[in-house]
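Just so you know, all these numbers are worked out from the coordinates, no wet-lab data involved. Being a predicted model, the structure only gives us computed values, none of them experimental. Here the Cβ is made from the backbone with ideal geometry for all residues, glycine too, and neighbour counts use every protein chain on show.
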Amino acid sequence: MNNIPLVSEVITVENGQATSRTPDEYTADLVSRAEAMIAELPDAACPGAERIAAERLRQIRDEGYTPERDAGYVNGELGAAAISYVMAALNVNHGTPLCWPWSADQFKRSTPLRDLEKAGALIAAEIARRIRAGETA
């Protein structure tokens, strides 16, 4: 079981202006921004990216995998989970992959396309976690 830090306040800085919000307010803002970006994509511009973004929104809204929760995954868990779903999509493994970072009952294999959507969303979550932690390209 991972130790997940509880966050009571999220401070962001945009254009030199610091803003303090609750985790729920911050998550709602992220979801709203993502929905606006998806809406701006031309039809069929990149259906893969749209599906990944939609899956990430589902993870946040329906599963509670918020940016605050992701902040606790500092040992490669999100990346390992993404690799696990890619392996499932490619039919490399028929059970729970050895690199799956959590309990086996949390691995929810689906169709190859859905597994790739989940993998992409987990990669997006890891990228966002690293950016929030101050990592640069």
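Put +1 on the Cβ of every Lys and Arg and -1 on every Asp and Glu Cβ in the chain; which of PRO97, GLY64, PRO47 then has its Cα farthest towards the positive end of the dipole?
Farthest towards the positive end: PRO97.
For the chain, with a Gaussian network of springs between Cα atoms less than 10 Å apart, report the residue from ARG58, ARG109, ARG33 with the top mean-square fluctuation.
Top of the fluctuation ranking is ARG33.
In debye, nearest 20, what is the charge dipole magnitude of the stretch 10-132 about its Cα centre with +1 on Lys and Arg Cβ and -1 on Asp and Glu Cβ, if you could check?
On the way: 14 positive and 18 negative charges, 63 e Å.
So the dipole magnitude of the stretch 10-132 works out to roughly 300 debye.
Please determine, in degrees from 0 to 90 and to the nearest 10, the orientation of helix 23-40 with respect to the longest principal axis defined by the Cα atoms of the chain, where the helix direction is its Cα long axis.
Roughly 70 degrees between the two axes.
Under the rule of -39500 (n - 2.57) per DSSP H run of 4 or more residues, summed and divided by the residues of the chain, what mean residue ellipticity at 222 nm is obtained, to the nearest 500 deg cm²/dmol?
Details: 5 runs with 73 residues, N = 137.
Calculated at 222 nm, the ellipticity per residue is -17500 deg cm²/dmol.
Please compute the contact order of the chain in relative form: average sequence separation of alpha-carbon pairs under 8 Å and at least six residues apart, divided by the residue count, as a percent. Please report the intermediate quantities before stating the final value.
Working: 123 pairs, mean separation 35.1, N = 137.
Normalised by residue count, the contact order of the chain is 26 percent.
Quick one, what does Rg over Rh come out to for the chain if you take C-alpha atoms and the Kirkwood Rh? Present the calculation step by step, with values, prior to reporting the outcome.
Values: Rg = 15.8 Å, Rh = 16.1 Å.
On the Cα set of the chain, Rg over Rh gives 0.98.
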